[in-house]
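One structure is given here, and the rest of the page talks about it.
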Amino acid sequence: MDTYPRRMHTALDTTDGRGLAEFYRVLLGLRYRPGDEPPADGTEDDASWLVLVDEDGDRQLAIQQVDELTPSTWPSPDVPKQMHLDYAVPSVDELHRHRQRAEELGARLLYDRTADKGEPLFVLADPAGHPFCLLVGEA
């Protein structure tokens, strides 16, 4: 039986990581992944990558801090919508297998981070150019 990548979460870029995470945490009734909570003492924190989970602990959203981001002008086509999907696979072998499958289906490789033993991944673009990640992790 074939295994397929599973959506891990949807990742949103922002120039205010903690602010956007708080917005979605409150709006959707989510909570931070353990270790991603704001510091209890109110000091500034490194909010460069935050994950929000549901009541079962399943990942729902990831918030990625970026230096600059031009807000979407949708429905005007000047600046399109901005987000990407992360898909988890169980092993490095499956990571390579699904990269090949994705490329056979029309994806192209944008970034190879398979040398990172902590979280090997590929960033690919779908046929329309939307980025998505394949990574070894738990969905």
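Scanning segment 64-101 for residues that are among the small types (Gly, Ala, Ser), assigned to a loop (DSSP other than H, G, I, E, B) and in contact with a strand residue (DSSP E or B) (Cβ under 8 Å, 6 or more places away or on another chain) gives a single hit, Ser91. Comparison of Leu30, Leu61, Leu12 shows that the only residue that is touching a Phe, Trp or Tyr at 6+ places or on another chain (Cβ under 6 Å) and not β-branched (Val, Ile, Thr) is Leu61. When residues in segment 70-108 are screened for being surrounded by 12 or more Cβ atoms within 10 Å (Cβ to Cβ), at pLDDT 90 or above and either over 30 Å from Asp16 (Cβ atoms) or in contact with a Ser or Thr (Cβ under 6 Å, 6 or more places away or on another chain) (or both), 13 of them pass. Among the residues of segment 48-63, is any in a loop (DSSP other than H, G, I, E, B), over 19 Å from Pro127 (Cα atoms), small (Gly, Ala, Ser) and assigned by TED's automatic domain parsing to the domain that holds His130? Checked against the condition, which is being in a loop (DSSP other than H, G, I, E, B), over 19 Å from Pro127 (Cα atoms), small (Gly, Ala, Ser) and assigned by TED's automatic domain parsing to the domain that holds His130, segment 48-63 yields no hits at all. Within segment 41-61, the set of residues being within 18 Å of Cys133 (Cα to Cα), aliphatic (A, V, I, L, M) and at pLDDT below 95 comprises Leu61 only. Of the residues making up segment 83-115, those that are out of contact with any Phe, Trp or Tyr (no Cβ under 9 Å at 6 or more places or on another chain) and either touching a residue at least 40 places away in the same chain (Cβ under 8 Å) or within 22 Å of Leu61 (Cβ to Cβ) (or both) are Met83, Ala88, Pro90, Ser91, Val92, Glu94.
Of everything listed in (1) outside the structural domain of Asp13 (by TED's automatic domain parsing); (2) outside any helix (DSSP H, G or I); (3) surrounded by 10 or more Cβ atoms within 10 Å (Cβ to Cβ), the single unmet condition for Lys117 is (3). Considering only residues that are over 24 Å from Lys81 (Cβ atoms) and not in a strand (DSSP E or B), look in segment 120-139 and name the one that is modelled with the highest pLDDT. Result: Pro120.
So which residues in segment 19-36 are surrounded by 13 or more Cβ atoms within 10 Å (Cβ to Cβ) and either in contact with a Leu (Cβ under 7 Å, 6 or more places away or on another chain) or outside any helix (DSSP H, G or I) (or both)?
Leu20, Ala21, Tyr24, Arg25, Leu30, Arg31, Tyr32, Arg33, Asp36
Between Arg113, Arg101, the distinction of being over 16 Å from Tyr4 (Cα atoms) and among the basic types (Lys, Arg) belongs to Arg113 only.
The values are calculated or read from the model by the stated rules, or taken from the named source; none is laboratory data. A quick note: this is a predicted structure, and the numbers were derived from the prediction, not measured. Using ideal geometry, Cβ is built from the backbone for each residue, glycine included, and neighbour counts are taken over all protein chains shown.
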